[in-house]
1. Please identify, among L217, L353, L329, the residue showing maximal mean-square fluctuation in a Gaussian network model of the chain using a 10 angstrom Cα cutoff.
2. Return, for the Cα atoms of the range 193-241, the radius of gyration and Dmax in Å, separated by a comma.
3. Among all cysteines in the chain, which have no other cysteine Cβ under 4.7 Å from their own Cβ?
4. Beyond 27 Å between alpha-carbons counts as too far, so tell me which of K45/K251; K287/K361; K45/K365; K155/K323 fall in that bin.
5. So for the range 11-101, averaging the separation of alpha carbon pairs under 8 Å that are six or more residues apart and normalising by length, what relative contact order in percent results?
6. Need the C-alpha centroid separation for the range 90-165 versus the range 203-233, integer Å.
7. So what's the convex hull volume per residue for the Cα atoms of the range 104-147, in Å³?
8. With only alpha-carbon atoms in the gyration tensor, what are the semi-axes of the equivalent ellipsoid for the range 3-120, in Å, largest first?
Amino acid sequence: MDINLRWHRKNSYSLATLYPLLENADFVRHPVDGIMVYSFSTAQKRNIFREVSSSNTDSVYIAGGPHPSGSVEETLGFFDYVVIGEGEETLPELVDTLQMGGDISKVAGIAYKKEGNIVYTAARQPVNLDDYPCFDCDGPRSPIEISRGCPWNCKYCQTPRLLGHKMRHRSIDSIVRYARCYNDLRFTSSNAFAYGSDGIHPRPDKVEKLLASLAELEGKNIYFGTFPSEVRPEFVSEDALELVDKYCTNKSISLGGQSGSDRILRQIRRGHSSEDIFNAVEHCVDKDIVPMVDFIFGFPGENEEDQRITLDMINWIISKGGKVRAHYLTPLPSTPYGNIVPAPIEPDVNKLLGKLALDGKLTGKWAQFLYARW
């Protein structure tokens with residue numbers, strides 16, 4: 001059976017990682033005969049389920065990624081197999097077993113239906129990132145994944161539940177090897193400034209060793225602590241920003257603030273305070289680095305006072321020359337908030353956010369998700 005990876009720009013990072021592990025795999029933009037591999041998030045699920053259910057190909061459908069891993073039963077209503085969590089070991093073994101007609105039940109890390117019942121095979125241990133490529137330099141590429149997992153336990157986030165609570169880091173030698181494939185170096189991590197650490201206690205010495213090694217490569221622009229990664233506010237210090245100023249091209253830092261209300265920050269188990277956000281912004285401003293702070297509205301139990309406190313923080317950040325991205329909570333499967341109904345944004349708060357957006361001071365999709373509920 002031919003191996004086909006369903007390409008979409010929103011799943012390009014994960015497929016770029018899996019592509020070099022599957023010999024003779026092709027990218028397709030619609031279902032074709034053979035083995036069809038999908039990776040997708042919750043935001044994509046409706047379109048993908050519709051595509052698969054309406055197809056008339058002779059295919060074996062495999063799903064992986066954030067949504068299938070967190071919502072196995074739902075996904076198996078449309079797919080033959082779900083790869084749960086990390087796919088570097090599981091997907092190639094599953095594909096080989098299907099092609100050879102082997103015993104699927106011996107493939108760890110998957111779920112499938114047998115006689116109407118869901119079968120879960122044995123779980124896998126987290127992979128060693130150095131054992132697997134970031135991408136094929138001659139194929140589709142993704143930002144360089146320097147770390148995986150997260151020790152924090154935010155109620156809205158899938159990362160620790162799917163990728164583990166222990167941070168794992170790609171070695172500097174491996175990172176440098178893949179950095180040679182790019183001119184503009186960008187990275188993925190749940191917290192870029194946590195590189196080399198346990199994710200709780202910063203190790204600026206490890207971060208500097210990484211950045212210094214990358215800086216030795218000629219003609220490279222290093223973008224660290226910015227999109228598509230972010231940084232936790234309490235990891236932003238004068239020393240950390242000195243490293244950005246010394247080695248990096250970017251003049252902004254992406255911060256995950258999430259709420260200005262300490263009550264909400266405690267409730268969602270964020271692990272930092274509003275003071276940490278204020279301090280991080282001040283540190284950035286002192287170093288002439290633009291803080292780009294993300295906030296989420298709609299957490300369960302969030303009231304008008306919480307939203308106004310967050311709005312006050314947003315206005316303060318803007319007054320300091322920072323930028324803000326606002327979002328509306330998307331309940332994600334496998335998280336404590338997976339089945340909740342997000343709190344509504346108060347009309348006056350929504351109006352003020354809209355004015356900031358019209359003035360070019362705020363971006364995001366909070367309004368789209370708000371109106372989509374009704």
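Since every read-out is calculated from the coordinates, none of them should be taken as a lab result. This one's a predicted model, so the numbers in the text were calculated from it and none came from an experiment. Here the Cβ is made from the backbone with ideal geometry for all residues, glycine too, and neighbour counts use every protein chain on show.
1. L217
2. Considering the range 193-241 through its Cα atoms, Rg and Dmax are 11.2, 33 Å.
3. Within the chain, the cysteines lacking a partner Cβ under 4.7 Å are C134, C150, C248, C284.
4. Numbers: K45/K251 35 Å; K287/K361 21 Å; K45/K365 18 Å; K155/K323 25 Å.
Listed pairs above 27 Å: K45/K251.
5. Values: 104 pairs, mean separation 24.3, N = 91.
It rounds to 27 percent for the range 11-101.
6. For the range 90-165 versus the range 203-233, the Cα centre distance is 27 Å.
7. Details: hull volume 6.1 nm³, N = 44.
So the per-residue Cα hull volume is 139 Å³.
8. On the way: eigenvalues 67, 57, 41 Å².
After diagonalising the Cα gyration tensor, the semi-axes are 18, 17, 14 Å.
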